[in-house]
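The numbers here are math on the coordinates, done by the rules we state, and not lab data. These numbers come from a predicted model, not from an experiment. Here the Cβ is made from the backbone with ideal geometry for all residues, glycine too, and neighbour counts use every protein chain on show.
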Amino acid sequence: MAKREPISFRASFPVIQSAIKVTGDGGGMRVQLDIPESEMAEAVKLLGLRQIGLLVTVEADEQEVIGGSARTLKRSTAKRRE
C-alpha cells in the first residue's frame with residue numbers, strides 16, 4: 001500500500017458533555033470534533049480513510065484559544081425549522 005499524505009486541519013471539541021466518551025467496559029474512548037467551514041476542504045479527505053486504522057497526533061493550536069464562552073473556532077449553526 002502506498003503511503004498517504006497526512007491530513008491536517010484545525011478543529012475543537014464541541015461544547016457538549018459527550019464530546020469525549022469513555023466506554024464502561026474498558027473498550028476505549030470516542031471523541032468528536034467540530035471542524036469549521038474554513039477547514040472542510042482538508043477534513044473531507046477523512047472520508048477516504050474509512051475502515052482504515054489511523055495514527056493520530058494532536059497538537060494544541062495556541063493561536064486558536066477556546067475559553068469561557070468565547071470560541072475562536074466557530075462553525076455555522078443550522079437554522080431551526082419551524
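When the GluC sites (Glu not before Pro) in the stretch 14-63 are filtered for DSSP coil states and for at most 14 other beta-carbon atoms within 10 Å of their beta-carbon, the remaining sites are GLU59, GLU62.
In the stretch 1-59, which trypsin sites (Lys or Arg not before Pro) fall in coil by DSSP and have 14 or fewer other Cβ atoms within 10 Å?
Within the stretch 1-59, the qualifying trypsin sites (Lys or Arg not before Pro) (loop, at most 14 other Cβ atoms within 10 Å) are LYS3, ARG4, ARG50.
Extension gain for GLU37-LEU49 works out to 2.3 nm (0.36 nm per residue, less the C-alpha to C-alpha distance).
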